[in-house]
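The values are calculated or read from the model by the stated rules, or taken from the named source; none is laboratory data. Everything numeric here is computed off the predicted structure, so don't read it as measured data. We place every Cβ from the backbone using ideal geometry, glycine too, and count neighbours over all the protein chains shown.
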Amino acid sequence: MKIEEFLEKLNVDFFTGVPDSRLKALCNYLMCKYKVDPKHHIIAANEGNAVAIAAGYHLATGKIPVVYMQNSGEGNTLNPLASLTNPEVYNIPMILIIGWRGQPGLKDEPQHVYQGKITTEFLEMMGIAYAEIDEGTQIKEIEKLMKKFNENLKNGKNVAFVVKEKGLEFNGKIKYKNSYKLSREKIVELVTQYSENDMIISTTGKASRELFEIREKNHENHNTDFLTVGSMGHASSIALGIAINKPNKKIWCIDGDGAALMHLGAMAVIGKYKPKNMIHVVVNNGAHETVGGMPTVFCNDESKKSISLADIALDCGYEKVFVAKTEKELEFALHEAKNATKLTFVEAYSAIGARKDLGRPTTTPIENKEAFMKKLQQ
């Protein structure tokens, strides 16, 4: 089903959310039509943030907003859906569009399997009427469905569309890029070189996939690496928990700008406790690249001054902070970080893009955890 026809039946003009690969048609359409326009389209920090923004939009306009997300973000929406928009609280209507990863019956990555099983159960538990959209869904079905959904929305209830693979399509094309030359894979490779035999916690997405492949290419053991394949935004908190309890080991965290943004408060907590053995490296390409490439608030927008993660780190209490835009600058920063005895932050600017043949980890999450824990005790 064409995204233009689908959205016409929804009759809405405000969207907020977090991008998802299953919703690539929607995300690219919004960027082509609105880009990032606060009157029509806001890319949120996380899915709960998006629900709150949408609630504010409704309070101000009385109109119906759309919140889009991957199903892995349902957990982030639980609190505002239960205690803000719920009919027993403020009774604020909105339409949720949810990309269905880990759909039962289809092969997917381990972090998506359980979430995929409970995606529709979550909506049922929350009392949210929903419909599934797949490759064969016809626009007449949506038109008929919206008559029912509109009654729910008029009564202040939320409704949802759960989008399966190839459920929506968009023929327009958009290319996401920035002005930086250093690849994320090169940044990750340099971290492995300078960290030597230290422990590394890497964020969800392509960074962990690249870390795994770099180890394979160099015939190195994977037991120093914890690949945070899911739980977006929590890698730095995992690193903090390890650093505090293993003060004699150097703990590196490879993070991404979109992941760091999702739970940015973690940086304030890290800065408060200042583990002297922790190094937080954020690869900043200004994009949610793993799920398509939509910009984060850290993108280098020529019309506005971009937000600096390094400045945020300083304000949060990180004691040594570096910014690297070239390989030489990054090597200097990593050398200093390796030898520092203070909480250290490195913002490494990266180009958007990855190898087309980039693989995925061949070990299971349980195998990764057990090998990592065994190494951590040595």
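In table form, for the structure just shown:
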quantity	calculated
Answer from E189, E210 - the residue that is in contact (Cβ under 8 Å) with a residue 40 or more places away in the chain, within 22 Å of V323 (Cβ to Cβ) and assigned to a helix (DSSP H, G or I)	E210
Qualifying residue in the range 165-180 (condition: out of contact with any Leu (no Cβ under 8 Å at 6 or more places or on another chain) and β-branched (V, I, T))	yes
Residues located in the range 250-292, provided they are at positive phi and in contact with a Lys or Arg (Cβ under 8 Å, 6 or more places away or on another chain)	K274, G292
Of residues in the range 31-61 being in contact with a helix residue (DSSP H, G or I) (Cβ under 6 Å, 6 or more places away or on another chain) and assigned to a helix (DSSP H, G or I), the one farthest from N71 (Cα to Cα)	A52
The range 284-320, residues that are farther than 14 Å from A45 by Cβ, over 16 Å from the mean Cα position of the chain (by Cα) and either small (G, A, S) or at pLDDT below 95 (or both)	N300, D301, E302, S303, K304, K305, S306, S308, A310, A313, G317
E347 being assigned by TED's automatic domain parsing to the domain that holds V191, over 15 Å from I254 (Cα atoms) and modelled with pLDDT of 95 or more	no
So T341, is it touching a residue at least 12 places away in the same chain (Cβ under 8 Å), assigned by TED's automatic domain parsing to the domain that holds N248 and under 19 Å from I254 (Cβ atoms)	no
Search result, residues across the range 77-102 that are in contact with a strand residue (DSSP E or B) (Cβ under 9 Å, 6 or more places away or on another chain) and in contact (Cβ under 8 Å) with a residue 60 or more places away in the chain	L81, P93, M94, I95, L96, I97, I98, G99, W100, R101
Filter result for the condition that a residue is touching a helix residue (DSSP H, G or I) at 6+ places or on another chain (Cβ under 6 Å) and either surrounded by fewer than 12 Cβ atoms within 10 Å (Cβ to Cβ) or modelled with pLDDT of 95 or more (or both), over L168, L153, L145	L168
Long-range neighbours under 9 Å by Cβ, at least six apart or interchain, first residue over 15 Å from A50 (Cα atoms) and not assigned by TED's automatic domain parsing to the domain that holds L240 within the range 259-270, second in a loop (DSSP other than H, G, I, E, B) and hydrophobic (A, V, I, L, M, F, W, C)	none
Within the range 12-30, tally of residues that are of a type in the set (V, I, T), assigned to a loop (DSSP other than H, G, I, E, B) and under 21 Å from the mean Cα position of the chain (by Cα)	1
Subset of the range 323-356 (residues that are hydroxyl-bearing (S, T, Y) and within 19 Å of N178 (Cβ to Cβ))	T326, Y349, S350
Residues satisfying the stated conditions in the range 235-257, i.e. in a helix (DSSP H, G or I) and either in contact (Cβ under 8 Å) with a residue 40 or more places away in the chain or among the hydrophobic types (A, V, I, L, M, F, W, C) (or both)	A235, S236, I238, A239, L240, I242, A243, I244, D257
Single residue of the range 101-140 satisfying the filter (hydroxyl-bearing (S, T, Y) and surrounded by 15 or more Cβ atoms within 10 Å (Cβ to Cβ)) that is nearest to G73 (Cα to Cα)	T119
Which listed residue is surrounded by fewer than 21 Cβ atoms within 10 Å (Cβ to Cβ), in the same structural domain as G156 (by TED's automatic domain parsing) and at pLDDT below 95, from K35, K63, K39, K9	K35
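Residue-by-condition table, conditions (1) in a helix (DSSP H, G or I); (2) under 19 Å from Y29 (Cα atoms); (3) not charged (D, E, K, R):
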| residue | (1), (2), (3) |
| --- | --- |
| N86 | no, no, yes |
| Q103 | no, no, yes |
| L123 | yes, no, yes |
| I142 | yes, yes, yes |
| L153 | yes, no, yes |
| G156 | no, no, yes |
| K166 | no, yes, no |
| I174 | no, yes, yes |
| N178 | no, no, yes |
